[in-house]
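Here the structure is laid out as structure tokens; the discussion comes afterwards.
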Amino acid sequence: MDSILSIMMLTSNQTMVTEFVLEGFSEHPSLRFLLIGCFLTLYTVALIGNIVIIALVISSTGLHSPMYFFLCNLATMDIVCTSSVLPKALLGLVSEENTISFKGCMAQLFFLVWSLSSELLLLTVMAYDRYVAICHPLHYSSRMSPHMCGALALGVWSICALNASINTGLMTRLSFCGPKVITHFFCEIPPLLLLSCSPTYVNSIMTLVADAFYGGINFFLTLLSYGCIIASILRMRSAEGKQKAFSTCSSHLIVVCVYYSSVFCAYVSPASSYSPERSKVTSVLYSVLSPTLNPLIYTLRNKDVKLALGRLLSSFSH
């Protein structure tokens, strides 16, 4: 009875957190202006690059194919990802105190989880698209029909929105009664769980399930697709055919390597070994650098995109 009363008294004395303080990069004040310049440049390049990709795919009939349709979806999610993180991070670097309301934090968490999980699924779908194009070229038009592509894209957006809703909903059910400093430059699941004063068992289980599905199963399916692609390319007799086949998937392979390496470093580790410094660095890779590099990689290494970009620029010059 005494223990129950003491718990009730402790609960009544706790003040629920209505806003959080994002630590950001406050521990490195000497890097403040450098980070502002870098983040502002990267955000601008990411926005312009991905908007250009979307505009090219929509306006150029030569890019109306499944590969570029999914690239357009990837560019859209890149914009959502960077826009959910960088504006607030830049505001925190400019101002002395970087606070975010509880609702604002949950909204940021939702859009971040939605965009990150969507990108992982889209990369898997794009790997499957390349697999069908190279390993089953005669069946490509039937397997990757416009209806099928639309269904795959809708499935990706819906499944990942559901995943984000579940993880965000579970986070809103937790109690936060102080401290309220998030050791990150945006609201992320691991540092938020460390601040909770209520049990986080269900949240941890759901996070592990999501990590296993998006990080594990999708990574395996992507590797499987590329294993079949490489085997099919090696069986080709023509050197020109090999080069053409490899060039169609090299850009996507680079993006996959960059993205998965940063995501694995950030998320595939036990909660007990969570390191704020390491998490910030890896988070910059997948939430800032990867969305900035994606349009550059696809533009610089893809002849079709470069031709469409040239036509678009020439139309503006005239």
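If I ask for residues that are assigned to a helix (DSSP H, G or I) and of a type in the set (S, T, N, Q), which ones from region 20-77 would you list?
Correct list: SER30, THR41, THR44, ASN50, SER59, THR61, ASN73, THR76.
Restricting attention to region 280-314, report how many residues are under 18 Å from LEU123 (Cβ atoms) and open to solvent by 50 Å² or more (accessible area, probe 1.4 Å).
5
Which one of the conditions (1) touching a residue at least 24 places away in the same chain (Cβ under 8 Å); (2) more than 18 Å from SER118 (Cα to Cα); (3) β-branched (Val, Ile, Thr) does ILE230 fail to meet, given that it meets all the rest?
(1)
What do you reckon, is ILE134 outside any helix (DSSP H, G or I) and not charged (D, E, K, R)?
no
Conditions (1) closer than 24 Å to TYR43 by Cα; (2) of a type in the set (Lys, Arg); (3) at pLDDT 75 or above, marked per residue:
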| position | (1), (2), (3) |
| --- | --- |
| PRO276 | yes, no, no |
| SER283 | yes, no, yes |
| SER287 | yes, no, yes |
| THR292 | yes, no, yes |
| LEU296 | yes, no, yes |
| VAL305 | yes, no, yes |
| ALA308 | yes, no, yes |
| ARG311 | no, yes, yes |
| SER317 | no, no, no |
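Identify, from the list ILE254, ILE230, ILE205, the residue that is open to solvent by 60 Å² or more (accessible area, probe 1.4 Å), at pLDDT 90 or above and not in a loop (DSSP other than H, G, I, E, B).
ILE205
From the residues in region 233-246 that are open to solvent by less than 60 Å² (accessible area, probe 1.4 Å) and part of a helix (DSSP H, G or I), which one is nearest to PRO291 (Cα to Cα)?
ALA245
Considering each residue of region 50-82, count those that are free of Cβ contacts under 8 Å to residues at least 24 places away in the same chain and of a type in the set (S, T, N, Q), and give that number.
Result for region 50-82: 2.
In region 92-115, what count of residues is obtained for those that are open to solvent by 20 Å² or more (accessible area, probe 1.4 Å), at pLDDT 90 or above and assigned to a helix (DSSP H, G or I)?
8
The values are calculated or read from the model by the stated rules, or taken from the named source; none is laboratory data. Just so it is clear, the structure is predicted and the values come from calculations on it, not from any experiment. Please note: Cβ atoms are built from the backbone with ideal geometry, for glycine as well, and neighbour counts cover all protein chains shown. Please note that ligands, DNA and RNA were not included when accessible areas were found on the heavy atoms of the full protein model with its side chains. Shrake-Rupley method; radii C 1.70, N 1.55, O 1.52, S 1.80 Å.
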